[in-house]
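Here the structure is laid out as structure tokens; the discussion comes afterwards.
Derivation of every value follows stated rules applied to the coordinates shown; laboratory data play no part. Being a predicted model, the structure only gives us computed values, none of them experimental. Note: ideal-geometry Cβ built from the backbone for every residue, glycine included; neighbour counts use all protein chains shown.
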Amino acid sequence: MTRFNTQRRYGSVTKSFHWLTALLILALIPLGIMANKAAHAPEPDFERAAFLFSLHKTLGVTVFSVAILRILWALRQAKPGPLHPDRRAETLLAEIVHWTLYGSLVLVPLTGWISHAATEGFAPIWWPFGQGLPFVPVDQTIKSFFAGLHIVFERVLVISIFLHVAGALKHQFIDRDSTLRRMWFGNRDAVDVPPHRHSAIPAVLAGGAFALAIGVGSAIGMFEKSTAPVHAAALDTVGSDWTVADGNIALSITQFGNTVTGEFTDWTAAIVFNPEPAEVQGNVDVTINIGSLVLGSVRDQAMGPDFFDADQFATATFVGELLAVPDDGIVMDGTLTIKDQSVPIAVPMSMLVDGDTATSSGSITLDRRSFGIGDSMADESSLAFAVDVSINLTATRTAN
């Protein structure tokens, strides 16, 4: 059997691409379903879900590569003509389905890949080239848009596969012709057929199918930027000698060997601070809305019972003193409480006071196990124990 296509039969390379793609797709679809079920079960199994999602994504990149090679190969090859050229409507439909399949085999993994590259966290792609893509920034809007496209194009792919398989079975069991046989391996007798006639009409109609799918996806809101639900109401305003004009409380975790960064977007700080030299220069009382956490694709996981358990413990608090240290610095020395677990901590902070404006920043590394966070993930290969927290703020003295 020759490697190359002829007018009468497909070559071994085309057949290999066809059946390799079929095997990969048959593996990818159930993997995606099982991963979603594991991640969204009443008691989620995140480690299993992450493994399945990683396998799904890695095979998806493989499908994308195989599809590109298959298309490049097909462009250089002859294509056997249809066995029933007189059935024009059936032949046109078969061509449309083929073009739709080719497009889906590129667009489904590509949109999933872009969505993955635009976010942080959860299941990595298993390969040595990093998780990002050139020209794709980490951005929630981009992630949500391409995640929506990925789901829409998945549906197009599934419909195309159904029609493709249905057509093959019709040829095999109703027409009893050699359509299926000439895509299988071996040197079987080929049927004389007229040359394949190239036309842009099937490709244009396939493009119309994708446009229709995008329109339907847009109508039902699949491309809207997803806003993570906040598990607690916004915090009340607090009285303070110093008002935070700008600042953030950020954290960094390591999941499956990859760094995921995030921050709490809703928190309050009641600050008493005296810039004059003294052993104790003031005190601070911080309340953090746990539900305001932004943490890439693992945000919802972090809200769950095994992690922050935001439904039961809506806030975290830090209460402590501001202790003076040499070189114009301070230490926030006090108690951090998360999930009713109180741990003494000391956070070294830089301090720069310019009139009625104070700028301060510092960081600390915490052990998530001290607060009962992620107890089910006892292996650091899935979620590291260390959590890096950084604090940056600019505060202005409140006028008396």
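Couple of notes before you dig in:
- Dipole magnitude for the chain: computed about the Cα centre from +1 point charges on Lys and Arg Cβ and -1 point charges on Asp and Glu Cβ, it is near 4120 debye.
- Neighbourhood net charge (12 Å Cβ-Cβ; Lys/Arg +1, Asp/Glu -1) for His116: +1
- Backbone geometry of the range 147-160 corresponds, through the Karplus equation with coefficients 6.51, -1.76 and 1.60 at θ = phi - 60°, to 3J(HN,Hα) couplings of 5, x, 4, 4, 5, 4, 5, 4, 5, 4, 4, 4, 5, 5 Hz, x marking Gly and Pro.
- Intensity falloff of the range 253-400 expressed as log10 I(q)/I(0), Debye formula with alpha-carbon point scatterers, at q = 0.11, 0.18, 0.20 Å⁻¹: -0.47, -1.09, -1.26
- Euclidean distance between Cα centres, the range 100-159 to the range 1-38, Å: 20
- Peptide ranges 279-290, 35-46 listed from the most packed, as the mean C-beta count within 10 angstrom indicates: 279-290, 35-46
- For the range 12-219: relative contact order, % (alpha-carbon pairs under 8 angstrom, 6 or more apart): 25
- Averaging 1/r across all pairs of distinct Cα atoms in the range 282-358 and inverting the result yields a Kirkwood radius of 14.3 Å.
- Of the residues Asn5, Val343, Val138, the one whose Cα sits farthest towards the positive end of the charge dipole of the chain is Asn5 (charges of +1 on Lys and Arg Cβ, -1 on Asp and Glu Cβ, taken about the Cα centre).
- Between the amide H of Thr315 and those of Ile290, distances stay under 5 Å, these residues lying 5 or more places away or on another chain, with hydrogens modeled in the peptide plane.
- For the range 100-157, Kirkwood radius (reciprocal of mean inverse C-alpha pair distance, Å): 11.7
- Computed 3J(HN,Hα) for the range 375-386, one whole-Hz value per residue from the Karplus formula 6.51 cos²θ - 1.76 cosθ + 1.60 where θ = phi - 60°, is 4, 6, 10, 7, 9, 5, 5, 9, 8, 5, 5, 6, glycine and proline marked x.
- Counting only residues at least eight positions apart within a chain, or on another chain, the aspartates and glutamates with an alpha carbon under 16 Å from that of Lys37 are Asp45, Glu47, Asp300.
- Proximal charge balance of Thr91 [Cβ under 14 Å; K/R count +1, D/E count -1]: 0
- A simple count of charges around Asp45, restricted to other residues whose Cβ falls under 12 Å of its Cβ and scoring Lys, Arg +1 and Asp, Glu -1, yields -1.
- Our Cα-only numbers for the range 12-219 put the radius of gyration and Dmax at 19.1, 59 Å.
- Size descriptors for the chain: radius of gyration and Dmax over Cα atoms are 29.2, 98 Å.
- Table column - 3J(HN,Hα) (Hz), the range 121-127, Karplus curve with 6.51, -1.76, 1.60, x for Gly and Pro: x, 6, 7, x, 7, 7, 7
- For the range 242-397: relative contact order, % (alpha-carbon pairs under 8 angstrom, 6 or more apart): 27
- Percent RCO, i.e. relative contact order, over the chain, from Cα pairs under 8 Å lying at least 6 residues apart: 14
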